[in-house]
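Beneath this line is the structure, given in structure tokens, with notes to follow.
The values are calculated or read from the model by the stated rules, or taken from the named source; none is laboratory data. What you see is a predicted model, and the numbers here were worked out from it, not measured in a lab. Virtual Cβ from ideal backbone geometry, glycine too; neighbours counted across all protein chains shown. The accessibility values were calculated without ligands, DNA or RNA, using every heavy atom of the protein model including side chains. Shrake-Rupley method; radii C 1.70, N 1.55, O 1.52, S 1.80 Å.
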Amino acid sequence: LGAGFTLASHDLEIRGAGELLGDEQSGQIQEVGFGMYSELLERAVKALKAGEVPNLDQPLEQHAEVDLKIPALIPDDYLPDVHTRLVMYKRIANGADEEALRELQVEMIDRFGLLPDQIKNLISVTELKLKAQALGVRKIEAGPQGGRLIFDREPNVDPTVIIRLIQTQAKIYKLDGQDKLRFSMNLDDREARMQTVEKLLEMLAVKEAA
């Protein structure tokens, strides 16, 4: 029972579930969500092991969120073993860069066979997360009619790049408030969404000369 509970909790953490046991759960986990609770607990344990007092004012690590309305997962029929599947989810999520993700793809093909489209999507989405995180983009959403980027409070993006983008392609790009950049275009298929978001991130990564 203990091992099963740990595995189920790990599954919830990876999938981003906010609650552990539903609406009736009690205690601190209900207040902050399982993912944040786990991170706070891990941080406190590391600090205490190092003989330090946990810094409760330190901001939690932020991870970019990417939703392209496509299946991005490891199918059960590709990797039937639940534990191995969860380990691979975790390894993909912790991929440090594109090279690490490429090596992981090679390993998965060698161990389990050619990758189905759902895993290719998962890898591509993870690569976009890394790029978005480096730019201070908190969330990316894209669907058939376009999408939006939501920036952190202090993104690593040159404002003049966004201004020029809106001025030169006003029918496609526009600001929505102070932290959202919307784009409107036909993005019916997966490839179009991937390429559009990747190109947009590349444009935002450019630093204008002073």
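Residue-by-condition table, conditions (1) more than 21 Å from residue 123 (Cα to Cα); (2) at pLDDT below 95; (3) basic (Lys, Arg):
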position: 154; (1), (2), (3): yes, yes, no
position: 158; (1), (2), (3): yes, yes, no
position: 166; (1), (2), (3): yes, yes, no
position: 177; (1), (2), (3): yes, yes, no
position: 181; (1), (2), (3): yes, no, no
position: 184; (1), (2), (3): yes, no, no
position: 190; (1), (2), (3): no, yes, yes
position: 200; (1), (2), (3): no, no, no
position: 208; (1), (2), (3): yes, yes, no
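Is there any pair linking a residue in region 82-94 that is under 16 Å from residue 110 (Cβ atoms) to one that is in a loop (DSSP other than H, G, I, E, B), with Cβ under 9 Å and at least six apart or on different chains, and which?
Filtered contacts from region 82-94: 88/74; 88/79; 92/74.
I want to confirm something. Restricting to region 91-111 and keeping residues that are surrounded by fewer than 18 Cβ atoms within 10 Å (Cβ to Cβ) and of a type in the set (A, V, I, L, M, F, W, C), which single residue is nearest to residue 78 (Cα to Cα)? Reasoning before the result, please.
So in region 91-111, the residues surrounded by fewer than 18 Cβ atoms within 10 Å (Cβ to Cβ) come out as 91, 93-94, 96-100, 102-107, 109-111.
Filter once more, keeping what is of a type in the set (A, V, I, L, M, F, W, C): 93, 96, 100, 104, 106, 109.
On the way: 93: 18, 96: 24, 100: 21, 104: 15, 106: 15, 109: 11 Å.
Among residues in region 91-111 that are surrounded by fewer than 18 Cβ atoms within 10 Å (Cβ to Cβ) and of a type in the set (A, V, I, L, M, F, W, C), the one nearest to residue 78 (Cα to Cα) is 109.
Among 141, 103, which is the only one that is of a type outside the set (A, V, I, L, M) and closer than 29 Å to residue 179 by Cβ? Spell out how you get there, then give the answer.
Numbers: 103 fails: closer than 29 Å to residue 179 by Cβ.
Only one candidate passes the filter, namely 141.
Conditions (1) under 26 Å from residue 148 (Cα atoms); (2) assigned to a helix (DSSP H, G or I); (3) free of Cβ contacts under 8 Å to residues at least 40 places away in the same chain, marked per residue:
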site: 73; (1), (2), (3): yes, no, no
site: 80; (1), (2), (3): no, no, yes
site: 100; (1), (2), (3): no, yes, yes
site: 108; (1), (2), (3): no, yes, yes
site: 114; (1), (2), (3): no, no, yes
site: 129; (1), (2), (3): yes, yes, no
site: 132; (1), (2), (3): yes, yes, no
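Can you name every residue in region 186-210 that is within 23 Å of the chain's Cα centre (by Cα), farther than 15 Å from residue 131 by Cβ and either exposed (fewer than 14 other Cβ atoms within 10 Å of the Cβ) or of a type in the set (A, V, I, L, M) (or both)?
Taking region 186-210 as the starting set, the residues that turn out to be within 23 Å of the chain's Cα centre (by Cα) are 187-206.
Applying the additional criterion that residues be farther than 15 Å from residue 131 by Cβ yields 187-192.
Listed by number, the residues that qualify are 187, 188, 189, 191, 192.
One residue is enough: does region 151-164 have a residue meeting the conditions hydroxyl-bearing (Ser, Thr, Tyr), in a strand (DSSP E or B) and surrounded by fewer than 18 Cβ atoms within 10 Å (Cβ to Cβ)?
No, there is no match, as no residue in region 151-164 is hydroxyl-bearing (Ser, Thr, Tyr), in a strand (DSSP E or B) and surrounded by fewer than 18 Cβ atoms within 10 Å (Cβ to Cβ).
Going by what's in this entry, would residue 177 be described as surrounded by fewer than 16 Cβ atoms within 10 Å (Cβ to Cβ), under 25 Å from residue 89 (Cβ atoms) and either under 19 Å from the mean Cα position of the chain (by Cα) or not hydrophobic (A, V, I, L, M, F, W, C) (or both)? Give the steps one after another, and end with the answer.
Values: surrounded by fewer than 16 Cβ atoms within 10 Å (Cβ to Cβ): yes; under 25 Å from residue 89 (Cβ atoms): no; either under 19 Å from the mean Cα position of the chain (by Cα) or not hydrophobic (A, V, I, L, M, F, W, C) (or both): yes.
Spelling it out, it is not the case that residue 177 is surrounded by fewer than 16 Cβ atoms within 10 Å (Cβ to Cβ), under 25 Å from residue 89 (Cβ atoms) and either under 19 Å from the mean Cα position of the chain (by Cα) or not hydrophobic (A, V, I, L, M, F, W, C) (or both).
Which residue out of 82, 106 is over 19 Å from the mean Cα position of the chain (by Cα), over 20 Å from residue 133 (Cα atoms) and modelled with pLDDT of 95 or more? Spell out how you get there, then give the answer.
Numbers: 82 fails: modelled with pLDDT of 95 or more.
The match here is 106.
If residue 132 meets every condition in (1) of a type outside the set (S, T, N, Q); (2) in contact with a strand residue (DSSP E or B) (Cβ under 9 Å, 6 or more places away or on another chain); (3) open to solvent by 30 Å² or more (accessible area, probe 1.4 Å) apart from one, which number is that one?
(3)
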